[in-house]
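Student: Before I ask anything, let me first share the structure, which is written out below as C-alpha cells.
Only the coordinates and a few stated rules stand behind these numbers; no lab work does. Just so we're clear, the structure is a prediction, and the values are computed from it rather than from any experiment. Methodologically, a virtual Cβ is constructed for each residue, glycine included, from the backbone with ideal geometry; neighbour enumeration extends over all protein chains shown.
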Amino acid sequence: MCQTVGVYHAPRLPLEKVRVDNETSVSMAEKSFAWEPLLRTWSQERLTSAEYRSVLPDEVIASEWLGYPGAREKEITSAEQRLAMSLPPSYWEFLRVTNGWRRTSLFIERVWSVEQVKSFAVENQEWIDIWRDTDPDCPEARYLPSAVQISEVGDAAVYLLMPELASGNGECEVRLLASWRGTAVRYDSFWDLMQAEYATFKSIEQPGKIEAP
C-alpha cells in the first residue's frame, strides 16, 4: 500500500520570507510567524460570502475575525502536560493568536481549541488499524498511533501533529489525512499547512459559493 498510499510533500511557499496580501513579511529564521495578518486577511476574504456570513454570529461578522480569543500560556502548557509533548512553535504561536479557528477548507470545518486537542487514537483506532492492516511498514501505520488530533474530522479528513517526526527547530511534521484521498499530505510544520490551505482557498473556493458549516 505504501506504493499507492504514500506521503508526499505539498507545494509550499518560500520559507525565507512569508508574505500575505497586505505585504507583511516575517523571517522564519527569527522563529516568528505572521499569524495575525494571514488570518485577518483570510477572515476578510471568506466573509465576502453572504451565505457563509448568514450562519455566523453578528459579533463575528462585525469583528471580521473567524478565530477566537487567544489561549493563555497556562492553557497551552496544561495541554502539553496532558499530551506529554511540547507543542511545536508555529502551532504554539497560532494558539496565542487564536485558540481554534473556523473553517479552513471545504473539508475541515473547525481547528480545535487547545483544550480539545487529544491523541488521534482516542476516537479513531479503527482508522489507524486500517493503515496497519494494509501495510505495517507504511509511515502512517508506524506513526498514526502517536499522532495528535488538532481538528474535527470533517469530510473524512483531519489535521494531525506527528510528534515522532520532529525537527531540530522544535517543529514536527503535520498531516492532512483524508480517507477519500488515499494519501496523507505531508507538511513540515503547522505554519506550512495553514499557508497551503489558504492558498487552496484562494485558488479553488469562490466567494459567494462557500457552503455554510
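Student: Just to be sure I understand: if I project the alpha-carbon convex hull of region 89-213 onto a plane and average over all orientations, what area do I get in nm²?
Tutor: 8.0
Student: Something else now. Output the peptides 145-153, 114-122 sorted from most to least packed, where packing is the average of other Cβ atoms within 10 Å over each peptide's residues.
Tutor: Per-residue Cβ counts within 10 Å, averaged per peptide and sorted highest first, yield 145-153, 114-122.
Student: Oh, and also: Work out Dmax and Rg for region 88-158 from the C-alpha atoms and quote the Rg first, both in angstrom.
Tutor: That works out to 13.5, 40 Å for Rg and Dmax.
Student: Still on this model: About its Cα centre, how strong a charge dipole does region 118-200 have in debye, to the nearest 20, once Lys and Arg get +1 and Asp and Glu get -1 at the Cβ?
Tutor: My answer is approximately 60 debye.
Student: Divide, for region 30-74, the radius of gyration over alpha carbons by 2.2 N^0.38 Å, where N is the residue count.
Tutor: Normalised by 2.2 N^0.38 Å, the Cα Rg of region 30-74 equals 1.35.
Student: Taking each pair of distinct Cα atoms in region 26-113 once, what is the resulting Kirkwood hydrodynamic radius in Å?
Tutor: In region 26-113 this quantity evaluates to 14.2 Å.
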